[in-house]
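Readers should treat all values here as calculations from the given coordinates under stated rules, not as data from a laboratory. Values in this document were obtained by computation on a predicted structure and should not be read as measured data. A quick note on method: Cβ atoms are made from the backbone with ideal geometry, for glycine too, and the neighbour counts reach across all protein chains shown.
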Amino acid sequence: MNELSPSVGRVDADERKQSAGHLRGQIIPLLQKLQEKSGFISEEHVDEVAAATGASASTVYGVATFYSQFRLQAPGKHMVRVCEGTACHVLGAKDVLEALKMNLGIDVDETTSDGLFSLESVRCLGCCSLAPAIVIDDETYGRVSPNKISKILDTYREETA
Amino acid sequence: MSTIREIRVGLATCGIAAGSQRVYDALASSLESSGLDIPLRRVGCIGMCYNEPLVDVVMDDDAVITYGNVGEADVGKIVDEHIRGATIVEELRVPTGSFLSRQVRIVLENCGRIDPESLDAYREQGGYTGLASVLETMSRQDVIEMMTVSGLRGRGGGGFPTGLKWSLAEREQGPEKYIICNADEGDPGAFMDRSVLEGDPHRVLEGMAIAAFAIGAAYGIVYVRAEYPLAIARLERAIADARSAGLMGDKILGSDFSFDIKIKAGAGAFVCGEETALIASIEGRRGMPRRRPPYPSESGLWGKPTCINNVETLANVPWIVRHGAEAFAAYGVGKSRGTKVFALAGKIKNSGLIEVPMGMSIREIVFDIGGGILDDRPLKAVQMGGPSGGCIPAELADTPVDYEELKKTGAIVGSGGMIVLDDSSCMVDIARFFLDFTQKESCGKCTFCRIGTKRMLETLGKISSGDGTLEDLEALIDLSEKVKANSLCGLGQTAPNPVLTTARYFKDEYIAHIVDKACPAKVCKSLLRYEIEPEACKDCKLCLKGCPTSAISQGNGAYQVIDPETCVQCGRCYQVCPFGAITIETGMVKTA
């Protein structure tokens, strides 16, 4: 995806040659690029990708909703991801998730009303030996327990306050 | 006394999560301010994730002193006492003994030893000499024959013979063919492929180039999970370096062979590990599998012949070319040759990444390499193969890691996730966990997979909340068989395996949930009761303050009581009680 030209909607020559003119192969990389830039996929983005790849808007929307990576709503300022991989599960990830939900007052895939936190559940962050783990933005917290949650979240709240 | 050759810091995702970047930075500045000119290397995962962050001090005679759980604060001590003073800091040293000595490292040969971002480092270890000798001395058939003789089989879980797979793609005519490296590692609890890509990316690229030569492909794609940003970054770097060194691109190493690789980031769909779904995803469609035949070897990506191999499979290839098919086949048993990488996690002391010769027993892996169960509790079962695999009970722990032998137990070798469970793990809960995963990841194409798994999950939910009946259990098993038989792809065909294996080996536990309304492992919340021991309670009221549903009140004396009707089994009181006065009970209340 990184070899795409920065302006969305144009597919560079190299790309065209390599995928033998199969523009539709660009739907997912373009969506990824747009999400990276805006944080989520808007209706306009869907139209933009459709126009660039010659697919219908409904096809692009179908792709965007199929893959869990794509968000159709703006995320909060801080993204809280709870690992629900097997190792985390057997070491108590569910209790951690419950504590997060209770503390934030939101469910998975929701954003707090102040727009500060979004909560996501992910399948295996790949640091199983740190289980149970959560990631806030790019910071990983390993071996978390439900009673550590409020302290962790408060550091982000204070930062903003 | 030999001198120090280099210092290595493990900087893979797991290490970085544990803080190894900060340790690396601290070491770098400490070495600089001390005026010490010792090379500091960033390396991939050595596998001992349980001791991250890890620092290796490597001597001229190849001796390695490993420091574990190193914090920034420890760096000064290591530099002062060991690097400058030549005295090993014993309290930080971690034993590597049986963890490493029982392993055979082919795929992980360089992981944790070389700088993954350095092409030179890979070449110093013999990297790309395999590709060079293939291009100079071998024909396509020679390479395929070599893979066949080595006995290498698909390490993604399927176990399809690699030589045969390549020959099927080779046989197809036409100038345009593709080789795809499947790095869509989706099993929750497995990180083998990620570690290889992060720790030794060139090995995978070299394996792909050799595969491409064998089948006659000029173009390769690495399909990697978007959740692996570090792996993607290191692959990109490796591809660029290989291109500038003439190891990729037009007329590689002066031969007639041209080959180039591109990365495609997946977008989060477990089903895309299935090859036809993976192809659909690269083509920009919803990742839904299709009927086979035609197989991808005849009509794959963009309708062209395509060969799809998993990361670990390809990472074996350069070693086989360098050391010979016989050397590879010397490891293993029966039809399972070579080694297998496992991500060891769960209730185990030494969680991490390991590579063992095929044929080693599960017991040896868990106890000799894994160091045994956390808190020395009893081993209950080992879950292998993730959502497609099954649970092997402790009494079958002598089963060897062998495609055929493991299949007999109802589990599979799988891609390499190995989750160790002890007596505090509930098997109904584990079955439900995996089914919840596959149910959500079902693409929805086949009715049995889409609706069948949903009904199965509901039934498991009923059982784990104590509302299940024995008829439910029968229906669950019956539906499992039907989902297996009536699904198009591997996801649906294997989704019932966790249920079937737990119901087969741990039927008592299902019965306990159904008949006794008890969860023997005390995991299933609805079947638990929290109680306060009046004698142990010191009336500190911490539990009372922490209870979210006000279920706790003053008893007839200096102690608290929990109202079972109001309690939601959140377990907070249990966590906050400093006196261990709160007990968890399960099963029907015994009348005194």
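Axis of helix B:229-244 versus longest Cα principal axis of chain B: the two differ by about 0°, to the nearest ten degrees. Its relative contact order, with pairs defined as Cα atoms under 8 Å and 6+ residues apart, puts chain A at 18 percent. Would you mind classifying segment B:119-328 by shape? Square roots of the alpha carbon gyration tensor eigenvalues, ordered a ≥ b ≥ c; an a/c under 1.5 is rounded, otherwise it is prolate if a/b is larger than b/c and oblate if not. Rounded, because the longest to shortest axis ratio a/c is under 1.5.
With a cap of 16 neighbouring Cβ atoms within 10 Å, and only residues DSSP puts in a loop, list the chymotrypsin sites (Phe, Trp or Tyr not before Pro) found in segment B:380-471.
Passing both the DSSP loop test and the Cβ count: no residue.
Every Cα-Cα pair of the protein assembly as shown was included, and the share exceeding 41 Å stands at 33 percent. Give me D for segment B:525-586 in µm² s⁻¹, whole number, from Stokes-Einstein with Rh from the Kirkwood sum over alpha-carbon pairs, 37 °C and 0.692 mPa s. Answer from the Stokes-Einstein relation: 290 µm²/s. Basic side chains Lys and Arg get +1 at the Cβ, acidic Asp and Glu get -1 at the Cβ, and with that the dipole of segment B:525-586 about its Cα centre reaches some 280 debye. Shape verdict for segment B:249-357, please, from the Cα gyration tensor: rounded (a/c under 1.5), prolate (a/b greater than b/c) or oblate. Taking the square roots of the gyration eigenvalues as a ≥ b ≥ c, segment B:249-357 is oblate.
Diffusion coefficient (Stokes-Einstein, Kirkwood radius over C-alpha pairs, 10 °C, 1.306 mPa s) for segment B:478-543: 104 µm²/s, rounded to a whole number.
Charges at C-beta only: +1 for Lys and Arg, -1 for Asp and Glu. How large is the resulting dipole of segment A:78-160 about its Cα centre, in Debye rounded to 20? Don't skip to the answer; put the middle values down first.
Values: 8 positive and 14 negative charges, 81 e Å.
For segment A:78-160, the charge dipole is close to 380 debye.
Size check on segment B:444-519: the Cα extents along the three principal axes, sorted descending, read 38, 21, 16 Å.
Based on Cα contacts under 8 Å between residues 6+ apart, chain B shows a relative contact order of 11 percent.
Give me the net charge of B:Ile532's neighbourhood, meaning all other residues with Cβ under 12 Å from the Cβ of B:Ile532; Lys, Arg count +1, Asp, Glu -1. Residues close to B:Ile532 contribute a combined charge of -3. Calculated mean residue ellipticity at 222 nm for the protein assembly as shown: -10500 deg cm²/dmol, from DSSP H runs with n ≥ 4 weighted as -39500 (n - 2.57), summed, divided by the residue count and rounded to 500.
Which pairs break 21 Å Cα to Cα here: A:Lys148/B:Lys538; B:Lys380/B:Lys507; A:Lys77/A:Lys101? Can you show the working numbers first?
Details: A:Lys148/B:Lys538 24 Å; B:Lys380/B:Lys507 14 Å; A:Lys77/A:Lys101 17 Å.
From A:Lys148/B:Lys538; B:Lys380/B:Lys507; A:Lys77/A:Lys101, over 21 Å: A:Lys148/B:Lys538.
Taken about its Cα centre, chain B carries a charge dipole of roughly 1640 debye when the Cβ of each Lys and Arg holds +1 and the Cβ of each Asp and Glu holds -1.
With the cut-off at 1.5 for a/c, could you classify segment A:21-161 from its C-alpha gyration tensor as rounded, prolate or oblate? Write down the numbers at each step before the final one.
On the way: a/c = 2.83, a/b = 1.89, b/c = 1.50.
Here segment A:21-161 falls in the prolate category.
Among the listed pairs A:Lys33/B:Lys454; B:Lys177/B:Lys340; B:Lys165/B:Lys304; B:Lys347/B:Lys541, which have their C-alpha atoms separated by more than 22 angstrom in this model?
Working: A:Lys33/B:Lys454 34 Å; B:Lys177/B:Lys340 29 Å; B:Lys165/B:Lys304 15 Å; B:Lys347/B:Lys541 33 Å.
With Cα atoms farther than 22 Å apart: A:Lys33/B:Lys454; B:Lys177/B:Lys340; B:Lys347/B:Lys541.
Applying the criteria of a DSSP loop state and at most 10 other Cβ atoms within 10 Å to the GluC sites (Glu not before Pro) of segment B:502-557 yields B:Glu535. Neighbour counting of Cβ atoms within 10 Å sorts the residues B:Trp319, B:Trp302, fewest neighbours leading, into B:Trp302, B:Trp319.
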